[in-house]
Amino acid sequence: MIGVPAVFLDRDGVLIEDTGYPHIESEMRITPGAPEAVRRLNALGYLAVIVTNQSGVARGLFSLEQMNRFNDALVRRFAAKGARIGAVYACPFHAEAKVEEFRHPDHPDRKPNPGMILKAVADHGIDPTRSFLIGDQPSDLEAARRAGVSGFRFEGGDLDRFVRDLLGH
């Protein structure tokens with residue numbers, strides 16, 4: 001059985017503007033074209049999966065619960081625009097954490113490590129060879145490489161235009 005294709009999406013700097021540890025729903029700013037890009041990818045059969053480092057939890061800037069509520073709100077906002085995000089993987093660990101339970105010298109889920117991508121592949125029957133990642137940092141692209149997935153760097157602008165160009169449409 002052939003697995004499903006997926007698009008792995010970084011959150012901050014790709015789906016939403018990176019405003020510096022975003023975690024308050026009222027301050028969420030969705031990237032121009034992001035819901036349209038996800039809707040386009042959904043229509044082509046891609047499972048949209050968020051993979052996001054969230055060191056703000058480890059740094060004590062917000063709680064795991066606040067992060068989860070924010071991510072849930074993001075998924076709901078995209079769904080309201082017909083864009084389905086199938087799963088969210090977030091890594092709250094950091095080597096220099098202030099919150100002891102989230103201190104880890106090199107957590108396998110923290111990008112550039114591929115843990116979140118590999119978990120999603122296993123959890124959702126994803127075919128890595130038919131999948132790709134869109135991120136805004138070198139660590140995103142390195143995580144994709146280590147997971148055997150193509151990676152593309154989004155440097156801002158309209159995400160739907162970026163995806164259209166990427167897909168050759």
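Computed quantities for the displayed model
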item	result
Close pairs (6 angstrom Cβ cut-off, 6 or more residues apart or separate chains): closer than 15 Å to G60 by Cβ in region 89-100, surrounded by fewer than 18 Cβ atoms within 10 Å (Cβ to Cβ) and among the small types (G, A, S) anywhere	H94/S55; K98/G60; V99/G60
Test for R76: is it surrounded by 15 or more Cβ atoms within 10 Å (Cβ to Cβ) and assigned to a helix (DSSP H, G or I)	no
Close pairs (6 angstrom Cβ cut-off, 6 or more residues apart or separate chains): at positive phi in region 124-146, part of a loop (DSSP other than H, G, I, E, B) anywhere	G125/G3
From L41, L47, L74, residue being within 28 Å of G157 (Cα to Cα), in contact (Cβ under 8 Å) with a residue 40 or more places away in the chain and in contact with a Ser or Thr (Cβ under 9 Å, 6 or more places away or on another chain)	L47
E25, sole failed condition from (1) within 22 Å of Q137 (Cβ to Cβ); (2) loosely packed, with under 15 Cβ neighbours inside 10 Å	(1)
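Read the figures in this text as sums done on the coordinates, not as results from a lab. Note that the structure is predicted; figures quoted are calculated from it, not measured. Heads up, the Cβs are rebuilt from the backbone with ideal geometry, glycines too, and the neighbour counts pull from every protein chain shown.
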